[in-house]
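Asks: Let me give you the structure first, and then I'll get to my questions.
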Amino acid sequence: MAGPSTVLLTGAAGFIGFHVARRLLEAGYTVVGLDNFNDFYAPALKRRNAADLAALGGDRFRMVEGDLRDPAALAAFLPAENRPFDLVHLAAMAGVRPSFERPLLYQEVNVTGTFLLLEATRRRALGHLVFGSSSSVYGASSRLPFREDDPVADPLSPYAVTKLIGERIAHAYHACHGIPATCLRFFTVFGPRQRPEMAIHKFARDILAGRAIPFLGDGSSTRDYTYVDDIVDGVVAALASGSGYRVFNLGGGHRITLREMVDRLAAALGRAPRLQYAPPHPGDMTHTLADISWAEQALGYRPSCSFEAGLERFAAWLLAGADVPT
């Protein structure tokens, strides 16, 4: 990876943030993280991630505890002197369904927080901005697979709206201030340390505890599941290449039905699932599938972990003792 030797990483103690930070530290980079350790899920899990990164990185890792919306936190996060750095912006209120419960909080963190972050960095030696977006921006689109040049005018949730606005903010700061910006639309990321409210992790814990899984619809909805190491490959490649403003899908390139996901997850755990049927949730997309040809051509992005192999790795991690509250 070429470029500045320091990477600033928001959301560094979260699921994807941890894996990105670990990869960068293993490659010899200095990483400065920002995280507010909120209670969206157990803060102890994020603190454990931060502790593991500190043990790995030593003096090449520093974590700032604070909120994107707090000027003091941003001042502590950014370099004191004007030296080159790259910025990976992953901090956000996450999740489609919770965004219906607290839409204004999602707007404040994901939109206002992104504005404040970029405004604080625009006069500094920012080499490259990589923004973590989401497949949810495709919304009600019925065209599969999703392409980056598809219309994205019909997002279905407050979360999706905020991610789409985040892309537009990155574009504005590129157009007006010349900041190179790459927006990466992540497709249903899974793997060790996955957030506990996400379907694979939640379902796994339900299966192990003998609880019924909330099974929405008839099981025919599909997702393009992407193993977290493949996502990290795309993030690191985006940091190392290109200029201007770009948008890329990062997906696995294959659709898996809800029914298949549950059956394969149960097999990986060696348990039989119990199902509790319920109607689909408003705001949920029926299908997702990434066209990854642009990322392949520009970033050399080629996902290498199959869904089955990723589930086996996740199950091994969970069964080894993830210490996640049930």
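The values are calculated or read from the model by the stated rules, or taken from the named source; none is laboratory data. Fair warning: this is a prediction, and the values are worked out from it, not measured in the lab. With ideal geometry, Cβ positions are generated from the backbone for all residues, glycine too; neighbour counts draw on all protein chains shown.
Asks: Answer yes or no: is there a residue in region 38-61 that is under 19 Å from Leu129 (Cβ atoms), of a type outside the set (S, T, N, Q) and surrounded by fewer than 19 Cβ atoms within 10 Å (Cβ to Cβ).
Replies: Of all residues in region 38-61, those under 19 Å from Leu129 (Cβ atoms) come to none.
No, region 38-61 contains no residue that is under 19 Å from Leu129 (Cβ atoms), of a type outside the set (S, T, N, Q) and surrounded by fewer than 19 Cβ atoms within 10 Å (Cβ to Cβ).
Asks: List, please: which pairs have Cβ atoms under 7 Å, are six or more places apart or on different chains, and start with a residue in region 263-277 that is without any contact (Cβ under 8 Å) to a residue 60 or more places away in the chain and end with one that is outside any helix (DSSP H, G or I) and hydrophobic (A, V, I, L, M, F, W, C)?
Replies: Ala266/Ala272
Asks: Count, please, the residues in region 147-159 that happen to be closer than 19 Å to Asp291 by Cα and buried (at least 24 other Cβ atoms within 10 Å of the Cβ).
Replies: 0
Asks: Within region 241-254, identify whether any single residue is over 22 Å from Ala94 (Cα atoms), in contact with a Phe, Trp or Tyr (Cβ under 8 Å, 6 or more places away or on another chain) and at pLDDT below 95, and answer yes or no. Show your work before the answer.
Replies: Step one: list which residues in region 241-254 are over 22 Å from Ala94 (Cα atoms), which gives 241-246, 253-254.
Narrowing further to those that are in contact with a Phe, Trp or Tyr (Cβ under 8 Å, 6 or more places away or on another chain): 254.
Filter once more, keeping what is at pLDDT below 95: 254.
Yes - at least one qualifying residue is present in region 241-254.
Asks: Determine which single condition Cys183 fails, assuming it passes every other condition in (1) at pLDDT 95 or above; (2) under 18 Å from Thr114 (Cα atoms); (3) out of contact with any Asp or Glu (no Cβ under 6 Å at 6 or more places or on another chain).
Replies: The one condition Cys183 does not meet is (3).
Asks: Can you run down the residue pairs with Cβ atoms below 7 Å, 6 or more apart or on separate chains, where the first is in region 188-206 and outside any loop (DSSP other than H, G, I, E, B) and the partner is at pLDDT 95 or above and among the hydroxyl-bearing types (Ser, Thr, Tyr)?
Replies: Sorted first by the residue in region 188-206, then by its partner, the pairs are Val189/Thr226; Phe190/Tyr225; Phe190/Tyr227.
Asks: Related question: Given the conditions (1) touching a helix residue (DSSP H, G or I) at 6+ places or on another chain (Cβ under 9 Å); (2) in contact (Cβ under 8 Å) with a residue 12 or more places away in the chain, report the number of the one that Gly210 does not fulfil.
Replies: The single condition Gly210 does not satisfy is (1).
Asks: Only one of these is β-branched (Val, Ile, Thr) and either modelled with pLDDT under 95 or over 13 Å from Val235 (Cβ atoms) (or both): Val88, Val64, Val20, Val31. Name it.
Replies: Numbers: Val88 fails: either modelled with pLDDT under 95 or over 13 Å from Val235 (Cβ atoms) (or both); Val20 fails: either modelled with pLDDT under 95 or over 13 Å from Val235 (Cβ atoms) (or both); Val31 fails: either modelled with pLDDT under 95 or over 13 Å from Val235 (Cβ atoms) (or both).
Exactly one residue qualifies, and that residue is Val64.
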